[in-house]
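Coordinate-derived values only; no laboratory data. This is a predicted model, so every value here is computed, not measured. Positions of Cβ are backbone-derived with ideal geometry, glycine not excepted, and every protein chain shown enters the neighbour counts.
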Amino acid sequence: MAIEIIRPVPKSYQALVRLRHRLPHNHEKLKDIHGKIDRIKAGYCGETRTDRFIEEVEFPQQVKIIPDFHAKLHSKRFVQIDTLIITRSYILILEVKNIVGTIDFKNYQSQIVRTLNDETTPLGYPFIQLDRNIDGISNILRKYGLNPPIHSALVFPSNNVIIENSPKTRNIFFVKQLPLFIQRLNDLPNKLSEESFHDICEIFTNINGDFIEKSLCDRFSIDPKELKKGIICSNCGELLQQRTRRTWICIACGQADVNPIPRNIEDLFILIKPEITMNDCLHYLQVKSRHTLNNNLVKMKLPKKGVRRATVYTIK
Ligand SMILES: [Zn+2]
């Protein structure tokens, strides 16, 4: 069966871009934030490149592929998997590392060291993440009395990587080798009934959610007072000017924006705090009309508590 993988842009990427747009151009944290945005972008490119190779594979009729799987096991433990593949024969957990340069596995120290342009950088040992993910997925399934075989693999999507001293007992592939590996797994006998397969797909679909745990100002120790106020452009972060009731124009980049207020209200949740009030919106977004803001808050159908001026909104 031919498949198509549609990978969502990570929420963390979108959130960091929002933060970058709200920071003044000379802010000391901007370099750090740009670095993080670049790493997430590179990771996403590697994952989508890997997706194109997975799409080459001839899968059985019953397959579920979840790109960028996130689940909360309990208040302190999360599982994040680049690609999760479920069939009736196996579950496959993929960890994609879009790194270039020479990668030396220091297996005894549980570390990898990357050398690029004569510069060496220690990086996290990817099997720690993979083993934690296998354990997390097993824990979830055990609660439902399910115990399918779980396989895992580390994938390097870049053509510009040299791998040295890789552990022989683990599945490590250049992306071009991945389709054959999955094809071999597809030849394994079924271990799950049709019903159990559907149960597993449903369990993982229901718990999958890309959360932003902490407001970004908290995470980067930024005082919310430092953020730019107003209704800003999603393209460049400069102030928008309202032209008609719904249409706004960015003076800096010329982009027209229809109905930008809900997105700007979301900025407050993502960047500042998980609960906001009308006064926060008036203060940070500098919209003069309480009525306009209220209309937008109502249309966003946000969970809320309290009444009238004491209403506190949260994000779903
Ligand atoms: Zn703009």
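Odds and ends about this structure:
- Global form of the range 190-248, assessed from the alpha-carbon gyration tensor, a/c cut-off 1.5: oblate
- Think of it as helices only: each DSSP H run of n ≥ 4 in the chain is worth -39500 (n - 2.57), and spread over all residues that comes to -11000 deg cm²/dmol at 222 nm.
- Charged neighbours of residue 161, selected by a Cβ distance under 10 Å, balance to +2 (K, R count +1; D, E count -1).
- With the simple model of a label 7 Å out from the Cα in the direction of the Cβ, residue 273 to residue 102 spans 5.3 nm.
- Other residues lying with their Cβ under 11 Å from the Cβ of residue 172 contribute a combined charge of +2, Lys and Arg counting +1, Asp and Glu -1.
- For the pair the range 103-135 / the range 254-283, the C-alpha centres are spaced 39 Å from each other.
- Between 37, 1, 63, the Cα set farthest toward the positive side of the dipole of the range 1-68 (charges on each charged residue's Cβ, about the Cα centre) is that of 37.
- On the beta carbon distance between residue 143 and residue 28, with R0 = 45 Å, the FRET formula returns roughly 0.50.
- Reachable aspartates and glutamates from residue 273, criterion Cα separation under 20 angstrom, eight or more residues apart if same chain: 210, 213, 218, 223, 226
- Highest average packing first - 77-85, 29-37, Cβ atoms within 10 Å: 77-85, 29-37
- Subtracting the Cα-Cα distance of residue 55 and residue 164 from 0.36 nm times their residue separation leaves 36.4 nm of extension gain.
- Counting charges near residue 25 (Lys, Arg +1; Asp, Glu -1) among other residues having Cβ under 14 Å from its Cβ returns a value of +2.
- Long pairs among 41/305; 31/64; 72/191; 229/305, criterion Cα-Cα beyond 32 Å: 41/305; 31/64
- Here the dipole of the chain is about 1620 debye; that uses its Cα centre as origin and unit charges on the Cβ of Lys and Arg (positive) and Asp and Glu (negative).
- With Cα atoms, 0 to 90° folded angle of helix 290-299 axis to the chain main axis: 30 degrees
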